[in-house]
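S.K.: Structure provided below as structure tokens; questions to follow.
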Amino acid sequence: MSRNPQLDSSGRLAHLLSIEGLPRETLVHVLDTARSFVSVTERDIKKVPLLRGKSVFNLFFEPSTRTRTTFEIAAKRLSADVINLNVGSSSQSKGETLLDTIANLSAMHADMFVVRHSQSGAPNLIARHVGPNIHVINAGDGRHAHPTQALLDMFTIRHYKHDFPGLRVAIVGDILHSRVARSQIHALTTLGVAEVRVIAPATLLPAAVTRLGVQVFTDMAKGLKDVDVVIMLRLQNERMSGELLPSAQEYFKNYGLSPEKLAHADSQAIVMHPGPMNRGVEIDSSVADGTQSVILPQVTFGIAVRMAVMSILAGQS
């Protein structure tokens with residue numbers, strides 16, 4: 001069996017490309033490390049010197065204000081030099097290949113690349129072609145993976161529910177197009193939750209989703225019954241082709257999280273959403289802003305988790 005390309009010869013994390021295939025102890029190490037960084041974000045001076053003198057390049061080949069911003073904040077709080085490149089409007093549009101771009105930036109003594117790309121596998125390709133002292137973080141690639149989002153979601157779940165065994169978790173919405181859902185499922189199963197459910201209309205379910213070890217529901221009330229965590233997903237209209245849904249109003253009626261539907265879950269269930277939210281489509285405002293919602297803490301925890309990943313890759317944690 002070949003070695004996981006994300007791990008070095010000693011089993012340490014060299015790149016973060018996907019949750020799939022990472023051992024449980026690696027995920028727990030990230031979560032434990034992130035806990036120590038939460039306190040940094042609460043200080044008056046929100047900086048530690050762990051990445052001082054290191055250069056972090058944010059390479060976003062598709063837009064994402066929230067993810068890019070949290071990576072930038074995380075790197076700056078570790079005292080790194082951060083270079084943001086909107087590559088889609090620069091060298092790539094002039095015909096330069098992806099690997100040419102990486103080679104040129106590597107020649108500028110980059111230490112870390114944070115990569116978001118519309119093509120699945122692009123961060124993996126980059127990781128295979130960088131030098132041994134350069135680290136690559138996947139900030140979302142196609143429909144494939146979004147590992148730091150899954151890790152910050154796991155951190156949020158552990159913060160509120162304390163541990164994973166025994167938990168029932170429901171992921172609701174556009175499973176078909178969601179790299180977040182895939183990463184969440186791999187993380188949840190690796191961390192040992194009792195049950196992972198996916199709830200969606202049949203048109204938004206991948207053909208072989210049951211192979212991921214989940215229970216599939218097309219009925220919201222049955223799927224949410226007694227769950228401890230509800231993770232809502234954004235409808236990714238930009239990735240849809242053809243008529244997968246009758247209308248946004250019809251979708252909200254059947255799959256939007258309203259107080260009435262949430263009542264089927266455990267009374268202490270938490271509600272999550274990776275953002276950005278479509279209010280009135282995936283989630284009712286009264287739920288998004290309600291007492292069971294932990295959507296804003298997810299964003300806060302995301303900075304600490306991305307700090308943890310960067311510090312571990314740099315050999316500082």
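S.K.: Zone of Ser9 (label point 7 Å along Cα→Cβ, backbone N under 17 Å): which residues in the range 128-143?
M.R.: Answer for this model: 131-134.
S.K.: Here's a follow-up. Rounded to the nearest 0.05, what FRET efficiency do Glu62 and Lys225 have when you use their Cβ-Cβ distance and R0 = 41 Å?
M.R.: 0.65
S.K.: So, one more: Can you give me the accessible area per residue for the chain, using a 1.4 Å probe, in Å²?
M.R.: Heavy-atom SASA per residue in the chain reads 44 Å².
S.K.: Which of the trypsin sites (Lys or Arg not before Pro) across the range 20-111 are loop residues per DSSP, with 16 or fewer other Cβ within 10 Å?
M.R.: Arg43, Lys46, Lys47, Arg52
S.K.: Given a Förster distance of 22 Å, report the FRET efficiency between Ala194 and His29 from their Cβ-Cβ distance, rounded to the nearest 0.05.
M.R.: 0.45
S.K.: Note the angle between two axes, namely the Cα long axis of helix 24-41 and the longest principal axis of the Cα atoms of the chain, as a number of degrees from 0 to 90, rounded to the nearest 10.
M.R.: 80 degrees
S.K.: Enumerate the lysines that Lys225 could reach by cross-link, defined here as Cα to Cα under 16 Å, with residues fewer than 8 away along the same chain left out.
M.R.: Cross-link targets: Lys261.
S.K.: Additional query: Longest span of the chain, sites excluded, free of GluC sites (Glu not before Pro) in DSSP loop with at most 11 other C-beta atoms within 10 Å?
M.R.: Counting at most 11 other Cβ atoms within 10 Å as exposed, the longest clean stretch of the chain is 43-242.
S.K.: Tell me whether the range 1-87 comes out rounded, prolate or oblate; compute the Cα gyration tensor, take square roots of the eigenvalues as a ≥ b ≥ c, and use a/c under 1.5 as the rounded threshold.
M.R.: Oblate, since a/c reaches 1.5 and b/c is not below a/b.
S.K.: Which angle between 0 and 90 degrees, to the nearest 10, do you get for helix 295-313 versus the longest principal axis of the chain when only C-alpha atoms count?
M.R.: Here the helix axis deviates by roughly 30 degrees.
S.K.: For the chain, what is the charge dipole size about the Cα centre, in debye to the nearest 20, if Lys and Arg each add +1 at the Cβ and Asp and Glu each add -1 at the Cβ?
M.R.: Result for the chain is approximately 520 debye, rounded to the nearest 20.
S.K.: Test of understanding: what is the full-extension gain from Arg43 to Gln236, defined as 0.36 nm times their sequence separation minus their Cα-Cα distance?
M.R.: Gain on extension, Arg43 to Gln236, equals 65.8 nm.
S.K.: Select from Gly140, Asn86, Met108 the residue farthest towards the positive end of the dipole of the chain; place +1 on Cβ of Lys and Arg, -1 on Cβ of Asp and Glu, and compute about the Cα centre.
M.R.: Result: Met108.
S.K.: Between Rg and the Kirkwood Rh of the range 84-231, both from Cα atoms, what is the Rg to Rh ratio?
M.R.: 1.07
S.K.: Roll a 1.4 angstrom probe over the protein heavy atoms and tell me the percent of accessible area of the chain that is carbon or sulfur.
M.R.: Reported share for carbon and sulfur atoms: 50 percent.
S.K.: Taking 8 Å as the Cα distance limit and 6 or more residues as the minimum spacing, I'd like the relative contact order of the range 145-200 as a percentage.
M.R.: Worked out over the range 145-200, it gives 47 percent.
S.K.: Please report, in cubic angstrom per residue, the volume enclosed by the convex hull of the alpha-carbon atoms of the range 256-301.
M.R.: Roughly 66 Å³ of hull volume per residue.
S.K.: Please report Rg over Rh for the chain, where both radii come from the alpha carbon positions and Rh follows the Kirkwood definition.
M.R.: Across the chain, the Cα-based Rg/Rh ratio is 0.96.
S.K.: Placing +1 on the Cβ of each Lys and Arg and -1 on the Cβ of each Asp and Glu in the chain, which of Ala74, Val299, Val180 has its Cα farthest towards the positive end of the resulting dipole?
M.R.: The residue sitting farthest along the positive end of the dipole is Ala74.
S.K.: Ok, one more. Grab the alpha carbons of the range 179-312, take their convex hull, and tell me the volume per residue in Å³.
M.R.: For the range 179-312, the hull spanned by Cα atoms encloses 126 Å³ per residue.
S.K.: Further question on the same structure: Report the relative contact order of the chain, percent, no decimals, based on alpha-carbon pairs under 8 angstrom and at least 6 residues apart.
M.R.: After rounding, I find 20 percent.
The values are calculated or read from the model by the stated rules, or taken from the named source; none is laboratory data. From a predicted model like this one, the values you see are computed outputs, not experimental measurements. Positions of Cβ are generated from backbone atoms using ideal geometry, with glycine treated the same way; all protein chains shown enter the neighbour counts. For accessibility, only protein heavy atoms count, side chains too; no ligands or nucleic acids. Shrake-Rupley method; radii C 1.70, N 1.55, O 1.52, S 1.80 Å.
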